[in-house]
1. Hey, which aspartates and glutamates would be in cross-link range of LYS212, C-alpha to C-alpha under 18 Å, not counting anything within fewer than 8 residues on its own chain?
2. In whole percent, what relative contact order does region 7-215 give with Cα contacts below 8 Å and a gap of six or more residues?
3. Please report how far the C-alpha centroid of region 129-155 lies from that of region 32-93, rounded to the nearest whole angstrom.
4. Provide the descending list of Cα extents for region 1-130 along its principal axes, expressed in whole angstroms.
5. Lys and Arg at +1, Asp and Glu at -1: add these up for the other residues within a Cβ distance under 13 Å of GLY49 and post the number.
6. Can you classify region 88-161 as rounded, prolate or oblate using the Cα gyration tensor, where a ≥ b ≥ c are the square roots of its eigenvalues, rounded means a/c under 1.5, and otherwise it's prolate if a/b beats b/c and oblate if not?
7. Amide H of VAL37: which non-local residues (sequence gap of 5 or more, or other chain) have their own amide H closer than 5 Å, using H built in the peptide plane?
8. Given axes a ≥ b ≥ c from the Cα gyration tensor, I'd like to know whether region 81-211 is rounded (a/c under 1.5), prolate (a/b larger than b/c) or oblate.
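The numbers here are math on the coordinates, done by the rules we state, and not lab data. This structure is a prediction, so every number in the text was calculated from the model and none was measured. All Cβ positions, glycine included, derive from the backbone under ideal geometry; neighbour counts span all protein chains shown.
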Amino acid sequence: MRASPGCFITFEGSEGSGKSTQIRRLAVRLRRNGHRVRVTREPGGTPIGRKIRHLLQFSRAGRAMAAETELLLFGADRAQHTRETIGPALARGEVVISDRYADSTTAYQGAGRRLGRGFVECLNRFATAGLKPRLTFVLDLDPEEGLRRARKKTRRTDRMEAQRAAFYRAVRAGFQRLARTEARRVKRVDARAGVEEVAARVWALLPAKLQKPAPHRERGARRKRRLDFLENTPRMKRRSPTLERRT
Ligand SMILES: Nc1ncnc2c1ncn2[C@@H]1O[C@H](COP(=O)(O)OP(=O)(O)O)[C@@H](O)[C@H]1O
Ligand SMILES: [Mg+2]
């Protein structure tokens, strides 16, 4: 996939590690800075993906799913997500933040289910058309603690959450390995800290161009010019018919 003007950021980590929480906060802060932000997730970032998500997570049919089928369904979801949602948003210059992406498959299906690293990598490349995030945050947390946090939120346990502890340890190790082998892109963030502290660490790791206000936010800039104009215009004059006709 071609290089594009936007910026692609992903959050990874086990269930309950704080991905959704951090993504919400980051999106708010970036938007306040004038950046156009698109928040999305896997599985389920497209209409097709939402059907796949249901199959993968809560459908009764999913209970009998083979590991290979699971891998391909995540791949199918990602192929659609990359082409229908992420690629076009990046081409428009948006900041795209995805809750999980290809690294989840490396960790869950590769390390967790031991489906063969070579094939998983190959499938990831195929599904993503070679698109890689500019930056990936791995929120690293003891999986037991993550599940405790997640269960406080909802009682419903999905198919992936019902796995054994050994599976989750392997997944965590898979994410940690990525942070070592792709250290430039993948940043491990200790997720035991409080929400504010994790958010501050995430912010500090962002590319400088995102930490600064967006340089060419047309609409915002125009609105600011109009407000300046109104503030500098005496009240009576502002109501005058001449001025109204002109606007
Ligand atoms: N740093 C944190 N410390 C304590 N609790 C947290 C923290 N971050 C998130 N939580 C809580 O843990 C639960 C799971 O967080 P969430 O963001 O949904 O995780 P994920 O999206 O990774 O599954 C939520 O109830 C959330 O409020
Ligand atoms: Mg979440």
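1. The qualifying aspartates and glutamates are GLU94.
2. Dividing the mean separation by the residue count of region 7-215 yields 33 percent.
3. Here the two parts' Cα centres lie 16 Å apart.
4. Computed over the Cα atoms, the extents are 46, 31, 26 Å.
5. +3
6. oblate
7. VAL95
8. In terms of gyration-tensor shape, oblate.
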